[in-house]
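Trainee: Sharing a structure below in structure tokens format, with a few things to ask.
The values are calculated or read from the model by the stated rules, or taken from the named source; none is laboratory data. Everything numeric in this text was worked out from a predicted model, so none of it was measured. Positions of Cβ are backbone-derived with ideal geometry, glycine not excepted, and every protein chain shown enters the neighbour counts.
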Amino acid sequence: MKLRGTYLLFLIFIGFLVKSQTQSVYAKFWVKEKEILLRWAPSSKAVFDAGVKNGYKITRTDNTGNTVVVAEAIKPYEKNNEAWNSILKAKDGAVLAVSVLYDMVSLASDPKKKQEQQMMVYNMMLLSCNFDSEIAKACGLFFSDKNIDNSKTYTYKISINTMPQSSLSIQVNANVLSKHPVINNLQAWLRNKNVKLRWKAATYKQDFTAYNIERSEDSINYTIINKSPIILMASEFEKKKEDIYYLDTFPKTKQKYYYRIRGLNHFGELSEPSNVVAGIGYEPLRSFPVFDTIHTVKNLTVYMRWRMADKSENAYPKSYFISRAMKDAGPYEIIHQSNTSYEFTDVNPKPVNFYKVGVISYGGDTLQSYSYMALINDTIPPLPPTGLKAKVDAKGNVTLTWDKNAEPDVQGYKIFRSNALHEEFVQINNEFAREPKYQDKLNLKTLSKKVYYCVNATDKRFNNSELSKPVEVKRPDTIAPEKPIINNLQLKPNGILIEWINSNSEDVKYYVLYRQPENSQTEEKLKEWQAKDTLKFYLDTNLMMGAGYRYKLVVSDEDDNISISNNPYIRYETGYRKKLTTVKYSVDRTAKTVTLNWEYNYPKSEIEKYIIYRCKKGGALTIIKTLPGTANSFVDKTLFMGNIYEYRIKPVFTNGAEGIISDGVEVEY
């Protein structure tokens, strides 16, 4: 066998995690249910030859200290035996293994080249063992221990007979089943009929020695497409290479294909499939799209037909599209797209149109034709503007705004004004309003209270739209409404009655009634109401007897102009004060007394005295005691057992006013 070409560095031993101290043997294990697989690789051809000659001895010690010899002398199969013949027929890699085992390789005569070639062939033989456990077993580098207990931990010692220095030990926890990592970094790049696959194989260098690539048309049934396992190879100048690339050609175009990969470990077992990538192959476009014809129809529409410059490529694009612009330089917008037709009619053309036909390939490439111009004589006016609004301030400054027209050829807007809807609207701007906004100034010295605005749009061919819907604007009112008049304040037993004459102004909006106690700067709002309620009087009941009050009305119109009524004064004094209501009592029959307690919500300085009344039930009230105004209790000691007494209390004020006598309090003594 002759070996030629660039020297390749095969990363054969990456992933063998266990090695001997002398680095003579590298090994790895794989745990299954009721089985432990062992794989090892000598570090040189000389060590390999020693193993072939003397065989490998494997002993096993479990975690209880029990040691057994599980293999006495593992050697390669004998030359030309039935097992080898069977493997040679089924597996391509077996030929290389047999050639190395039995020195069937033709090497160079130069010692240095001979050594390099010998190492190369040896590494390739080890690589074939990585791909298939049967080849590894035939080469004496594989052992399956099926007499295990998955609840135990084992230590395996692998050594070459007569070479104890080559031994190494591997500790295996049989309770932890081995499993492959998930491959999730497969990527794909599509171009014409080809797909380039890439994955970062260095991520899985401890787990896989090679990969199979699988392809499917339905994402369900996959077939391996590589003739031999794919490995991470690097030249002597690419020792840090991490990625594997694979280029495939789609069997058919316009058919979607799915790809995935599966890792191959050192025991020849395949991993679960990776993530899936997919793509569609397509014929490359070598020409570009062109218009066959393009012309206007009745000055209303534009008809166009197209094809590829090379007619044989008409079916190659994924889709065709028509784009349009009002200027040759653009911007263009797509107005039609199809993957079946080769003609189109633009039923809504602009006055000036530039058209391009474009194609999108199955690979996402875009090609476009040169532009073609088509003109339409525009006689269609824009639509009337919408959304007209108006704001006016107190000085009569009006700001008009409206929605901008969607037509791209609108050159401006005209503004119209009228004092009444039945009158003619007159244009008030000499130049077009380019934006949907306009400022106007109203004359406030006029009797008309309202004014109306509307606008229209004009395109570049001076076609005018109809007028917009008018908007009403009320001229600002700076005149205050007529003052209301409070014409009567009356004392009532339960309060003060306020009566007034409302304002005669037509635009009155609401009223507010205020009260101001004497010796106070604070006004209290009593009531607020709309003018439509036509209220003319109000009874104020929340008052302090003996206090003086002023009242006023404030009236406001629709423009928030206000007027204030007169501000009359009245003193709330009826000669009576409110009834004393909180009287409590307690009876002490041992001391022969009845005690009264009360509270009265008036300043003690205003109360001159309290008069205490008493009677037997059903009898006439008589005064039994007069107390000073500072008192709030009374003890009655003039009582007789077996009677029911009724008590009442009346306060008397320093200004001569009297409180209403309290309700009777019955006490059983």
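Trainee: Tell me yes or no: at least one residue of region 272-286 is surrounded by 14 or more Cβ atoms within 10 Å (Cβ to Cβ), among the polar types (S, T, N, Q) and more than 26 Å from N353 (Cβ to Cβ).
Mentor: yes
Trainee: Among (1) assigned to a strand (DSSP E or B); (2) modelled with pLDDT under 95; (3) surrounded by fewer than 18 Cβ atoms within 10 Å (Cβ to Cβ), which single condition is T345 missing?
Mentor: That leaves (2) as the condition not met.
Residues checked against (1) among the hydroxyl-bearing types (S, T, Y); (2) at pLDDT 75 or above:
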{"site": "A83", "(1), (2)": "no, yes"}
{"site": "K89", "(1), (2)": "no, yes"}
{"site": "A94", "(1), (2)": "no, no"}
{"site": "K113", "(1), (2)": "no, yes"}
{"site": "N123", "(1), (2)": "no, yes"}
{"site": "S151", "(1), (2)": "yes, yes"}
{"site": "I160", "(1), (2)": "no, yes"}
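Trainee: Within region 616-656, track down each residue that is among the aromatic types (F, W, Y) and more than 15 Å from V667 (Cβ to Cβ). Before the answer, list the steps.
Mentor: Applying the first criterion (among the aromatic types (F, W, Y)) to region 616-656 yields 634, 640, 645, 647, 653.
Matches in region 616-656: F653 only.
Trainee: Would you please name the residue that is farthest from Y211 (Cα to Cα), looking only at residues in region 264-281 that are within 38 Å of the chain's Cα centre (by Cα) and assigned to a strand (DSSP E or B)?
Mentor: Only one residue tops the list, namely I280.
Trainee: Quick one: I244 ticks every box in (1) surrounded by 13 or more Cβ atoms within 10 Å (Cβ to Cβ); (2) at pLDDT below 90 except a single one, so which number is it?
Mentor: Failed condition: (2).
Trainee: Only one of E528, E518, E524 is surrounded by fewer than 14 Cβ atoms within 10 Å (Cβ to Cβ), assigned by TED's automatic domain parsing to the domain that holds M545, in contact with a Gly (Cβ under 7 Å, 6 or more places away or on another chain) and not aliphatic (A, V, I, L, M); which? Working first, answer last.
Mentor: Working: E528 fails: in contact with a Gly (Cβ under 7 Å, 6 or more places away or on another chain); E524 fails: in contact with a Gly (Cβ under 7 Å, 6 or more places away or on another chain).
Selected residue: E518, the only one of E528, E518, E524 that is surrounded by fewer than 14 Cβ atoms within 10 Å (Cβ to Cβ), assigned by TED's automatic domain parsing to the domain that holds M545, in contact with a Gly (Cβ under 7 Å, 6 or more places away or on another chain) and not aliphatic (A, V, I, L, M).
Yes/no per residue for (1) of a type in the set (D, E, K, R); (2) out of contact with any helix residue (DSSP H, G or I) (no Cβ under 6 Å at 6 or more places or on another chain); (3) crowded, with 16+ Cβ neighbours inside 10 Å:
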residue	(1), (2), (3)
I415	no, yes, yes
H422	no, yes, no
V426	no, yes, no
Y453	no, yes, yes
K460	yes, yes, no
N463	no, yes, yes
K469	yes, yes, no
E472	yes, yes, no
D477	yes, yes, yes
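Trainee: Of all the residues that make up region 624-660, how many are at pLDDT 90 or above, more than 18 Å from Y585 (Cα to Cα), exposed (fewer than 14 other Cβ atoms within 10 Å of the Cβ) and among the β-branched types (V, I, T)?
Mentor: Within region 624-660, residues that are at pLDDT 90 or above, more than 18 Å from Y585 (Cα to Cα), exposed (fewer than 14 other Cβ atoms within 10 Å of the Cβ) and among the β-branched types (V, I, T) number 1.
Trainee: Also, quick follow-up: Among the residues of region 154-164, which ones are farther than 17 Å from A41 by Cβ, of a type outside the set (F, W, Y) and assigned to a strand (DSSP E or B)? Please lay out each step first, then the result.
Mentor: To start, the set of residues in region 154-164 that are farther than 17 Å from A41 by Cβ comprises 154-155, 161-162, 164.
In the following step, the residues that additionally are of a type outside the set (F, W, Y) were identified as 155, 161-162, 164.
Within region 154-164, T155, P164 qualify.
Table: residues versus (1) in a loop (DSSP other than H, G, I, E, B); (2) small (G, A, S).
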| residue | (1), (2) |
| --- | --- |
| F354 | no, no |
| G364 | yes, yes |
| A390 | no, yes |
| A406 | yes, yes |
| F416 | no, no |
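Trainee: While we're looking at this one, here's another question. Does region 568-575 contain at least one residue that is within 60 Å of the chain's Cα centre (by Cα) and in a strand (DSSP E or B)?
Mentor: Initially, region 568-575 is screened for residues within 60 Å of the chain's Cα centre (by Cα), giving none.
Checking region 568-575: not a single residue is within 60 Å of the chain's Cα centre (by Cα) and in a strand (DSSP E or B).
Trainee: Follow-up. Would you be able to say whether some residue in region 178-187 is part of a loop (DSSP other than H, G, I, E, B), over 30 Å from L247 (Cβ atoms), outside the structural domain of S24 (by TED's automatic domain parsing) and out of contact with any Cys (no Cβ under 9 Å at 6 or more places or on another chain)? Steps first, answer last, please.
Mentor: Start the filter on region 178-187 by keeping residues that are part of a loop (DSSP other than H, G, I, E, B), which leaves 178-186.
With over 30 Å from L247 (Cβ atoms) added as a condition, the list becomes 178-179.
From what's left, outside the structural domain of S24 (by TED's automatic domain parsing): 178-179.
Next cut, out of contact with any Cys (no Cβ under 9 Å at 6 or more places or on another chain) only: 178-179.
Yes, region 178-187 has at least one match.
Trainee: Now for a different question. I'm told N314 meets every condition in (1) over 21 Å from D409 (Cβ atoms); (2) in contact with a Leu (Cβ under 9 Å, 6 or more places away or on another chain); (3) among the polar types (S, T, N, Q) except one. Can you identify the failing condition by its number?
Mentor: All conditions pass for N314, except number (2).
Trainee: Cβ-Cβ under 6 Å, sequence separation 6+ or interchain: first residue in region 449-463 and of a type in the set (D, E, K, R), partner assigned to a strand (DSSP E or B). Which pairs?
Mentor: Once the first residue is of a type in the set (D, E, K, R) and sits in region 449-463, its partners that are assigned to a strand (DSSP E or B) give K450/E472; K450/K474; D459/V410; K460/Q411.
Trainee: Which one is modelled with the lowest pLDDT among residues in region 22-59 that are within 20 Å of V70 (Cα to Cα), of a type in the set (D, E, K, R) and surrounded by fewer than 17 Cβ atoms within 10 Å (Cβ to Cβ)?
Mentor: Within region 22-59, the match that is modelled with the lowest pLDDT is K53.
Trainee: Tell me which strands (runs of 3 or more DSSP E) are completely within region 609-669 and hold 2 or more residues being under 21 Å from K579 (Cα atoms) and of a type in the set (A, V, I, L, M, F, W, C), or say none if there are none.
Mentor: Numbers: elements: 622-628, 633-636, 644-653, 665-668.
Output list reads 622-628, 644-653, 665-668.
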